[in-house]
Each structure stands twice: as C-alpha cells, then as structure tokens.
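Novice: Mind having a look at this structure? Questions to follow.
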Amino acid sequence: MGEALIDSYGRTVRDLRISVTDRCNFRCQYCMPEEGMVWLPRTDILTFEEIERVARVCVERFGVDSIRLTGGEPTVRAHLPTLVAKLAALRVGGGADGVGDGREDRREDGRGVDLAMTTNGASLRLMARDLYDAGLRRLNISCDSLQRERFLAITKRDALESVLDGIDAAVAAGFDPVKLNCVLMRGINDDEIVDFARFGRERGVRVRFIEFMPLDASDQWSANRVVPGAEIVAAIDAVYPLVAVEGRGSQPAQRYRYRDGEGEIGVIASVSAPFCGACDRIRLTAEGQLRNCLFAVDETDLRPLLRGGGGDEDLAAAIVANVGRKWAGHSINKVTFIRPARSMSQIGG
Ligand code: SF4
C-alpha cells in the first residue's frame, strides 16, 4: 500500500465529494433564496479533465475509494455521464491499510471507486439509465415533502411527481440502494417523519433524515429549527420499532433497521450528535477550491495549479497541506462557530 491522506487527528481521507456545478433548477429554502444565486462564470467551472486530474491524484495516489458527485444540482451539468465514465475508470491505489473500517475490500489495489451522486431527482426519469451505464452505482435523491403543495413551498418548484418518477427510474435502472434524503425543519415538514418512514418501507428505498444545518444562503437557520436525530428516531420507533445498526465507521448516517425486517432508515445528526471524530471526507467545489470540512472557513485554490502548468506532484502537495490543516470538527453548538462564507449550493453536500 502507498501514501495515505491522514490529518493531524489521525483520520484517513477516503471520500471525495465533487461539486460539478453551483447551478440548480430548484430553490430549496434551506439552501438558496427564491431568486437564486449569482452563478459562477462558466469559465471558472472546472472542466471534466480537470476534475478527473484531481480525482486521479486522490484515488490512485492516496487510496481515496469513494467519490460522490454533488452540485448545486449535478444533473444540470451537460454531458454528466461522460464525467461519470471518466471517474468510474479510476483504479484505487495507494492508501493506508486501515483495517476494521469495513472498507478493506475497496482498497485492494486496482479496484474501482464507489461512485455515488446526490441529486434532486427531477431529471432522473431521463438520465438514470445513462448514468448507471456510465458507472454510477449509488444515488441519494433529495425529497423534503410528500405533499405536493408543501414540496412546492419548500423548493419553489411544482416537481414532486417528477422526483417520485425519478425514484422509480433509479430503482428500475439498477441503482441499489436508492436513498432518499430528507432535510427536516421544525414547523415546516417535521409532521411528515412517519409518512417518510412508511414511504421508504413501501417503496424499498432507504430514507435518510438530515438535521437542518447552518448553510442556507438566506441565513434563516437557528438551533430551534433543528429536529434532533433522537426525536426523529423516537417518532418512527413508536410506530415502526427500530434497532440501531452497529459498525457506523466513518459514515455520516447512523443507520436503524426495522425490527420487522422491512428495511432501514438513516439519521444524519450533524448538529445534535456530530460525527467529526471519524470524518473521512474532503470536498472539491465547482470552481476548484479544496475544502477539508463542510464548514471550513479556509480552502485551497487548485485551479492555478490545474491551469498554470502544475504537475501531479504539485497537486498532491497542495492536497496534503490542506488535509494537514483540517480541524477536529465543526463548532456549530459553540460560541466560536463561524458560518462559512459559502452556502450549501456553493460547496456541495
Ligand atoms: S462537519 Fe466537517 S469535520 Fe465534521 S463530519 Fe462534516 S466535514 Fe467532517
């Protein structure tokens, strides 16, 4: 085994989140204002070749074995299956032995990366098959209400039906598991917790409930609008008894299986039960900034290296330096917390 990306807290980086665009066709209230954002000039956005270069260094040199495509909304980027095929062709190399995190098999030299994407699902009806054929294997589809009018109120798009069709198209294309990401906001959609659980059980998709995080561009977030993970679990357990799944490792979601065997849910409790101690993620923004934490307040601009004649050694050195500055974790619940200058759509989930 070769080099590994290990931060000063002993955490090994294995997961690269790549934002392929800052643009989106939705306006989710926990993310961006109704009027949208000032989009990046297209010339600032990394090309597929530039994205592939950064990913190659991470995967083939440092043993990163998991890539997640995000946005904005990744499916609004033209020719997305072409990028998927480039990333699916990467072979995992390097990396640390890291025995016991349940991902040993992926780091066998020469194995492919675990390629996933987070999407609002509205275009999946048309794209699911092509993305699957290009090598994408896992999908998280965002859906924050099963009620048409409320979906419209949250996203400013009357698109619930196309998202539900997108879920069916993803299952039909062979994606497994298909996960449904639901951001819960107090007083907005927290009365749908059990409805979502039932939906997941009936459709065979894994619902992941996500605590509202202070990354909305409208700065509306407050702690009393967060529905804590424990409350979500209690609400479901009262109707569909749950049991916690052991061996979380570095996964953001704590998983719970239904006692009757009808599937499982996940809870991402970033605010009430942070999981930074086992974090293995870094992020690449659409314009080439490397971020070692979702809430990072500093970042490394890789674009001058990518467009200014920098070699893979230079890229590797910049990535190592960035990871070396990674903090222990976010401080959302502390007075020291500083909101990042970027909102969620400018970082990617
Ligand atoms: S907040 Fe930062 S350190 Fe914590 S889990 Fe998320 S990305 Fe990792």
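The values are calculated or read from the model by the stated rules, or taken from the named source; none is laboratory data. Just so you know, these numbers come straight off a predicted model, no measurement behind them. With ideal geometry, Cβ positions are generated from the backbone for all residues, glycine too; neighbour counts draw on all protein chains shown. Accessible surface is based on the protein model in full, side chains and every heavy atom, while ligands, DNA and RNA are left aside. Shrake-Rupley method; radii C 1.70, N 1.55, O 1.52, S 1.80 Å.
Novice: With 274, 241, 228 as the choices, which residue is touching a residue at least 40 places away in the same chain (Cβ under 8 Å), more than 16 Å from the ligand (Cβ to nearest atom), farther than 29 Å from residue 38 by Cα and surrounded by fewer than 18 Cβ atoms within 10 Å (Cβ to Cβ)?
Specialist: The unique qualifying residue is 228.
Novice: For the stretch 247-266, give me the residue count where each residue is more than 25 Å from residue 293 (Cα to Cα) and open to solvent by 20 Å² or more (accessible area, probe 1.4 Å).
Specialist: Count: 8.
Novice: State which residue is nearest to residue 239 (Cα to Cα) when the search covers only the stretch 187-229 and only residues that are outside any helix (DSSP H, G or I) and among the small types (Gly, Ala, Ser).
Specialist: 204
Novice: Give me the pairs, please: first residue somewhere in the stretch 288-307 and closer than 15 Å to residue 40 by Cβ and charged (D, E, K, R), second residue anywhere and outside any helix (DSSP H, G or I) and within 14 Å of the ligand (Cβ to nearest atom), beta-carbon distance under 7 Å, and either six or more positions apart or on two chains.
Specialist: As it stands, the answer is 299/290; 299/291, since those pairs meet every condition given.
Novice: Quick one: what pairs do we get from the stretch 206-223, first residue over 16 Å from residue 331 (Cβ atoms) and open to solvent by less than 30 Å² (accessible area, probe 1.4 Å), second assigned to a loop (DSSP other than H, G, I, E, B) and of a type in the set (Gly, Ala, Ser), C-beta under 7 Å, 6+ apart or different chains?
Specialist: 216/343
Novice: Can you pull out every residue in the stretch 291-325 that is open to solvent by 10 Å² or more (accessible area, probe 1.4 Å) and within 16 Å of the ligand (Cβ to nearest atom)?
Specialist: Of everything in the stretch 291-325, those that are open to solvent by 10 Å² or more (accessible area, probe 1.4 Å) and within 16 Å of the ligand (Cβ to nearest atom) turn out to be 293, 294, 297, 298, 299, 300, 324, 325.
Novice: For residue 64, indicate whether it is touching a Pro at 6+ places or on another chain (Cβ under 6 Å), at negative phi and in contact (Cβ under 8 Å) with a residue 40 or more places away in the chain.
Specialist: no
Novice: Of these, 282, 332, which one is near the ligand (Cβ under 10 Å from one of its atoms), surrounded by 15 or more Cβ atoms within 10 Å (Cβ to Cβ), among the β-branched types (Val, Ile, Thr) and not in a strand (DSSP E or B)?
Specialist: Criteria check complete, one pass: 332.
Novice: Listed residues 348, 266; which is within 15 Å of the ligand (Cβ to nearest atom), outside any loop (DSSP other than H, G, I, E, B) and out of contact with any Cys (no Cβ under 6 Å at 6 or more places or on another chain)?
Specialist: None of the other options fit; the residue is 266.
Novice: What tally of residues in the stretch 128-163 results from selecting those that are part of a loop (DSSP other than H, G, I, E, B) and more than 26 Å from residue 36 (Cα to Cα)?
Specialist: Residues meeting the conditions: 3.
Novice: Does the stretch 115-144 hold any residues that are under 19 Å from residue 22 (Cβ atoms), touching an Asp or Glu at 6+ places or on another chain (Cβ under 7 Å) and surrounded by fewer than 22 Cβ atoms within 10 Å (Cβ to Cβ), and which are they?
Specialist: Answer for the stretch 115-144, where residues must be under 19 Å from residue 22 (Cβ atoms), touching an Asp or Glu at 6+ places or on another chain (Cβ under 7 Å) and surrounded by fewer than 22 Cβ atoms within 10 Å (Cβ to Cβ): there is none.
Novice: Does residue 35 count as surrounded by fewer than 21 Cβ atoms within 10 Å (Cβ to Cβ) and in a loop (DSSP other than H, G, I, E, B)?
Specialist: In short, yes.
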